[in-house]
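The values are calculated or read from the model by the stated rules, or taken from the named source; none is laboratory data. Worth saying up front: this structure is predicted, and the values here are computed from it rather than measured. Heads up, the Cβs are rebuilt from the backbone with ideal geometry, glycines too, and the neighbour counts pull from every protein chain shown.
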Amino acid sequence: MSELHKFIFEGLPVRGVLVRLTGAWTEMLQRRASNSTTGAYPEPVQQMLGEMTAAAALMQSNIKFNGALVLQIFGDGPVKVAVAEVQSDLSLRATATLVGEVAPDATLSQLVNVHNQGRCAITLDPQNRMPGQQPYQGVVPLFGDQGEKIEKISEVLEHYMLQSEQLDTRLVLAADDKVAAGLLIQRLPMAGTGNLAGSMVSKENEDEIGLNEHYNRIAILAGSLKREELLTLDVDTILRRLFWEEQITRYPAATGDTAPRFVCSCSRERVSKMILGLGVQEAEEIIAERGDIEVGCEFCGQQYRFDAIDAATIFKAAEHQPPSSPSVQ
Ligand SMILES: [Zn+2]
């Protein structure tokens, strides 16, 4: 089961979140792998997208916001775009679009920052947007302070949190073909400052950045967590191993119905309506040419296939509906 755990360090201005995506992550991988047009993600892309998805869940759970948090990387290499989207209720989906060959040992910059044009964007899209209201978006380049190419998603986002939100953050991320997981440790902002929606930052908060010894100690402990541990150990063991000398207070975990879970709004019925929209003639032409109609969901990779009989059934069903009836939901 996928799960998300929040905790605070008692008496200290430091909080943490730990997420482990299992079923939610493998569901996405399976959809992609069974898509005959795209095939499965190459391993380096799988790792990048899994880390992005875990990070997006951590960031969404860490803010008070009703809407979608969308983490995107626009690449200039074989990965054109990678997207992870997490709603306030922790339902999530992720996908990546590839335009070139991915080497089996490709680094992050070899995937998305070959010509120094890659960038990362974080968007907060409110659920009930007012007319004319724009979603909040922050963009960061994929370079460090010395102009070096960043090779870890966690470092990209740590930079983002510090530069855009004035929040000291330590992130540890890992993903393989079974688990996408992450640990976030953050120094609590001074009252009323430094939230992801971009409020004013007080002088005191700026002065404290990087100076808090408690945060620094805990961040170093968090940074000692190894990829293998994050992927294989349960949450209790991870927290005990890292922070056994600290006093941690844990909040009720997001598990079961409230756990992070895969949700995509695509369905066979929706695709049927799309085919209906093509018209019977065009649908028959595609089937004559290719044998069937294949439609892949651009948000999750799920592929829907309709052969001649499926298509005929769709158009026949439509005939039996009164012409003025509104389209089926
Ligand atoms: Zn979908």
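Annotations
- For first residues located in segment 122-140 and in contact (Cβ under 8 Å) with a residue 12 or more places away in the chain, partners that are aromatic (Phe, Trp, Tyr) and lie 6+ apart or on another chain with Cβ distances below 8 Å form the pairs Ile122/Tyr160; Thr123/Tyr136; Leu124/Phe65; Leu124/Tyr136; Pro126/Phe65; Gly138/Tyr160; Val140/Tyr160.
- Segment 241-264, subset outside any helix (DSSP H, G or I) and without any contact (Cβ under 8 Å) to a residue 12 or more places away in the chain, residue farthest from the ligand (Cβ to nearest atom): Glu245
- Pairs with Cβ under 8 Å, 6+ apart, first in segment 33-46 and in contact (Cβ under 8 Å) with a residue 40 or more places away in the chain, second hydroxyl-bearing (Ser, Thr, Tyr): Pro44/Thr107
- Scan of segment 82-102 for residues that are within 16 Å of the ligand (Cβ to nearest atom) and β-branched (Val, Ile, Thr), ordered by number: Val83, Val86, Thr95, Thr97
- Residues in segment 265-300 that are part of a helix (DSSP H, G or I), in contact (Cβ under 8 Å) with a residue 40 or more places away in the chain and either exposed (fewer than 14 other Cβ atoms within 10 Å of the Cβ) or within 16 Å of the ligand (Cβ to nearest atom) (or both): 3 in all.
- Just one of the numbered conditions (1) closer than 19 Å to Glu101 by Cα; (2) at pLDDT below 95 is not true of Ala33: (2).
Per-residue answers, yes or no, for (1) closer than 28 Å to Gly39 by Cβ; (2) out of contact with any helix residue (DSSP H, G or I) (no Cβ under 6 Å at 6 or more places or on another chain); (3) surrounded by 13 or more Cβ atoms within 10 Å (Cβ to Cβ):
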{"site": "Leu98", "(1), (2), (3)": "yes, yes, yes"}
{"site": "Ser109", "(1), (2), (3)": "yes, yes, yes"}
{"site": "Val114", "(1), (2), (3)": "yes, yes, yes"}
{"site": "Gln117", "(1), (2), (3)": "yes, yes, yes"}
{"site": "Cys120", "(1), (2), (3)": "yes, no, yes"}
{"site": "Lys152", "(1), (2), (3)": "yes, yes, yes"}
{"site": "Glu155", "(1), (2), (3)": "no, yes, yes"}
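- Among the residues of segment 31-83, the one identified as polar (S, T, N, Q) and part of a strand (DSSP E or B) is Gln72.
- The set of residues in segment 55-89 being hydroxyl-bearing (Ser, Thr, Tyr) and either surrounded by 17 or more Cβ atoms within 10 Å (Cβ to Cβ) or farther than 22 Å from Ile185 by Cα (or both) consists of Ser61 alone.
- Remark: Glu51 falls outside the filter, which requires a residue to be crowded, with 19+ Cβ neighbours inside 10 Å, touching a residue at least 40 places away in the same chain (Cβ under 8 Å), more than 29 Å from Asn113 (Cα to Cα) and acidic (Asp, Glu).
- Considering segment 122-150, and only residues there that are within 17 Å of Ser109 (Cβ to Cβ) and acidic (Asp, Glu), the residue that is surrounded by the fewest Cβ atoms within 10 Å (Cβ to Cβ) turns out to be Asp145.
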